[in-house]
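Q: Quick one: the structure is below, questions incoming.
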Amino acid sequence: MRSTEEIVESLRDALAGVGVVLPSLRVDPVTAASEEPFALVDLGRCNVRTAEHLTEVLRSLPVSEALRARVRQVNREVKSR
């Protein structure tokens, strides 16, 4: 299993690969210091241009209907807990 720090770096690299930089991307220090087994990833803040670019990149990605259905199912399961 990868550490939260490794996952944050991987996300940073993936975003940079499509020209998106989230300057405040980091491991959340509060949850990192807690007893929780997994720290949260703090995506931080960005300017409007970066938010627009991120939106464009996400909308340009192909998403299968099977993936959409699975995400909806998982979201329903989480809400019902």
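The values are calculated or read from the model by the stated rules, or taken from the named source; none is laboratory data. Quick caveat: nothing in here was measured; it's all calculated off a predicted structure. No Cβ is skipped: glycine too gets one built from the backbone with ideal geometry, and neighbour counts run over all protein chains shown. All accessible areas refer to the heavy atoms of the entire protein, side chains included, with ligands and DNA or RNA removed. Shrake-Rupley method; radii C 1.70, N 1.55, O 1.52, S 1.80 Å.
Q: Please enumerate the residues belonging to region 65-81 that are of a type in the set (Gly, Ala, Ser) and either open to solvent by 90 Å² or more (accessible area, probe 1.4 Å) or touching a strand residue (DSSP E or B) at 6+ places or on another chain (Cβ under 6 Å) (or both). Break it down into steps so the answer makes sense when it comes.
A: Quick first cut of region 65-81, residues of a type in the set (Gly, Ala, Ser) only: 66, 69, 80.
Across region 65-81, the qualifying residue is only Ser80.
Q: Do you know which residues across region 48-64 are at pLDDT 90 or above, exposed (fewer than 10 other Cβ atoms within 10 Å of the Cβ) and not aliphatic (A, V, I, L, M)?
A: Hits for region 48-64 are Arg49, Arg59, Ser60.
Q: Also, I was wondering about something else. If you take the residues in region 18-47 that are among the small types (Gly, Ala, Ser) and loosely packed, with under 11 Cβ neighbours inside 10 Å, which one is nearest to Thr4 (Cα to Cα)?
A: Here the answer is Ala33.
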